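Single-structure report; data block below.
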Amino acid sequence: MASLSGGRVVVAMNAVMNSIIAVTIAGRYSAIRKQFGPPGKPEQAIIEYPLTQYRVLPNVATVIA
């Protein structure tokens, strides 16, 4: 039974590490990627859009904490 518990812990730790990596990639990508600026203005980074901030920033804050 102990080996099964150890395996579960390893799976959980891997899930956490993969989540941290995924959130880091999403944050960096959304800060760099530019798309659809207002007419006559330069394009904006997608992190500037409220929906992106709503979806990405809470996860970034969770990873940091």
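Couple of notes before you dig in:
- About its Cα centre, the dipole of the chain is roughly 60 debye, where the only charges are +1 on Lys and Arg Cβ and -1 on Asp and Glu Cβ.
- Values of log10 I(q)/I(0) for the chain across q = 0.12, 0.27 Å⁻¹ run -0.45, -1.08, by the Debye formula with one identical scatterer at each alpha carbon and no solvent.
- Helical content alone sets the calculated 222 nm signal of the chain at -25000 deg cm²/dmol, taking -39,500 (n - 2.57) per DSSP H segment of four or more residues and averaging over every residue.
Coordinate-derived values only; no laboratory data. These numbers were taken from a predicted model, which means no experiment stands behind them. Cβ sites come from the backbone with ideal geometry, for glycine too, and all protein chains shown count toward neighbours.
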